[in-house]
1. Please report Asp227, Asp478 as a ranked list, fewest other C-beta atoms within 10 angstrom at the top and most at the bottom.
2. Would you kindly calculate the mean projected area, averaged across all directions, of the convex hull enclosing the Cα atoms of the stretch 541-656, in square nanometres?
3. Around Ile390, what is the net charge, scoring Lys/Arg as +1 and Asp/Glu as -1 over all other residues with Cβ under 13 Å from its Cβ?
4. Net charge around Asp521, counting only other residues with Cβ within less than 9 Å of its Cβ (Lys, Arg = +1; Asp, Glu = -1)?
5. Where does each of Arg207, Arg278, Arg46 land when they are ranked from fewest to most other beta-carbon atoms within 10 angstrom?
6. Let's test this: bin the Cα-Cα distances of the stretch 367-528 at 10 Å from zero up to the farthest pair and state each bin's percent.
7. If you add up the charges near Pro615, with Lys and Arg at +1 and Asp and Glu at -1, over every other residue whose beta carbon is less than 14 angstrom from its beta carbon, what do you get?
Amino acid sequence: MSRNLTAKYAADQLIGVQKAAVAIADENQKIVWFNQSFKKFFGTGRIKGVTFEKLFNITDSESLKKNYPASFIIGKNNSELVITPLHQQNKKKQKGFLLEISSSGQSTLIHDNNLLVESTVFQYELQKILFMLVKENSLSVVTNEILFRSNKLTGSDFSLAFIYSENNKLDFHYYDPKNFLKNKSEIEKTVYTDFSFVRKWLELNNRSLVAQRNENKIGFNLITVFDCNSLVTVPCFFDKKLIATIIIGKKSGIFSEVEISQLEQLGILLSFSISNIRTRELNTTLESKLLQAQKLETIGKLSSGMAHDFSNLLSSIFGSINLLRRRIPQSEPVEKLIDNIENCSVRAKDLTKGLLSFGKPTPKRKELVKPNRVLAEISKVITQTFPGSITFINNTDENLLDILGNETEIYQVLLNLCVNAKEATDSKGTITLSANNFNVDKTNLLNYPFLKEGNYVRFSVSDDGAGIKDEHLQKIFDPYFSTKIKDTGSGLGLYVSYGIIKAHNGVIDVTSKLNKGTTFDVYIPAFEPTKTSKREEKYEKIILLADDEPMLSDLLAELLESNGYNVIKVGSGEEALKLLTEEIKVDLAIIDYNMPNLSGLDTIAAIRKLKLDMPIILSSGSMWLDEDEEIFKHKIESRLQKPYEFETMLSTIRKFI
């Protein structure tokens, strides 16, 4: 009978010399004839008389009962086996099977026309996607469209894609019209925990992974999770980096080589779409941030100029108050009036302080800040003072890098962000405070264009509150802008925070989705001793200010800081001597004549005994030194009379440093 079968179909003449591996089996599935290519595929071992189910370990026998070709993936190279039923002319009785094995790039004998049709259909579907990409800016829409086309082209039951984002977070997208995937949360959990090995395989082999239920190979655990017969995992690479993965499954049947090829092309299209849309989003973000930076810089210059003039006026007011208290006879009505003037002046000073810190920001006293200590204090305050209805999560890494700056100001910024988060959640949501060491290098510099290469400490404050509208995102750092109800906030919080972070050479960024929440990210450069010490030595000057009158000391410090100097304030001569013995290099000292315990002259004498030769300016508000001998003896470079003439003081300082 086998001879009649082979003679009937002229196997030796028609297909004996073909390059494709071809064999013929009888109606009992036993091999009765095969060509040399088929023999070469198997190598040694018996073939004739063996059933192809046993030969190829086929368990899906249902596919063989149909009257059209069945396709299987076999071998280590994922070759395609096509089994075609052979019938008599009336097609009522099956006489056997034609087996064809093709590798990548080969065409089978019977499916050439089918390949042409499938290729035409694929090009048509591809054209639709490309037309959509021209106008579409939503990555979610593009991803869902590619998943839909993938299902349609391959006749699959479901498809999903997950896109890798920062910190290895995954953004999942599903196309499951038949509701085949019942437990999506379990699927996502499995992908997070068990997909790492599959990911390494994809990155190493740079091709799709095909898994079947009857093969205990890599990816078999995914077959179990998705509860399907066959599964294709398609990697999406861009610039040699895996940025997304597509998984497509069939409940019955398997994927042909042509279908796998089409899915890989759609994977390439998805990777291109992700890169293209992200680039467009980055360009839009850069443009808006540049406009915002220019606007804030302009506002800062205007406010800084006004604040300088206002500081001069305040200096005269404080000096006049001091003289009034000494010259006018003390009486309760007069004291109340003077106190009222002084209190209003203090409030005006605080407002000026905020404007100065934004207009021309400079950290007041640079010191090594331990971020873990600052965050521990903030966490303690939040735990003790925030309502119990708020869930507070602290995700702070250990061993955060040190920061060179002002600890009080950093504390102020982070606490202010947490308070804003509390108000955004209406006191019944979740607030997350996190911090970690962060490095910017050539691999991620494009994603952080406002940061220079180097190490940073990244602080993040997130909430699940109402979120911020898109039209408000570009205004939240503007002075006096607030989304709060009138009379419940000043609108200066984020405005001042922006100036403080800018003063630390850092960046503050915000992302928000309406009704989902808001995240503020603060990036501050980590302390790098070698680079920082050289920079300070060349550009920055440190002034020691010793005065026992805090109000005048604060005002003078603000003036000096706004002109580019770093100021270290102390309230007595003893503190000044202690600081100078701590190996802190001071470029100039301003010493008040009248200080408790250790006077200004005694302090200067002690400084000279330490063999420190920095320039010293002696100031006084109650008397004037006429004895040039004392001035010469203590090597005092200059004298200043209170209340200060600020321009005179600045010109005097510039003579010496």
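1. Numbers: Asp227 13, Asp478 17.
Ranking Asp227, Asp478 by Cβ neighbours within 10 Å, fewest first, gives Asp227, Asp478.
2. On the way: hull surface 26.2 nm².
Over every viewing direction, the Cα hull of the stretch 541-656 projects on average to 6.5 nm².
3. Numbers: positive: Lys422, Lys428; negative: Glu423, Asp426, Asp463, Asp464.
Cβ neighbours under 13 Å give a net charge of -2.
4. Values: positive: Arg458; negative: Asp509.
Spelling it out: positives minus negatives among the neighbours equals 0.
5. Details: Arg207 14, Arg278 17, Arg46 9.
In increasing order of surrounding Cβ atoms, one gets Arg46, Arg207, Arg278.
6. Each 10 Å bin holds this share of Cα pairs: 10, 39, 38, 12, 1.
7. Working: positive: Lys541, Lys585, Arg608, Lys635, Arg639, Arg654, Lys655; negative: Asp587, Asp613, Glu637.
It works out to a net charge of +4.
Here, each number is a calculation from the coordinates, and none is a lab measurement. Nothing here was measured: the structure is a model prediction, and the numbers come from that model. FYI the Cβ positions are ideal-geometry reconstructions off the backbone, even for glycines, and counts take in every protein chain you see.
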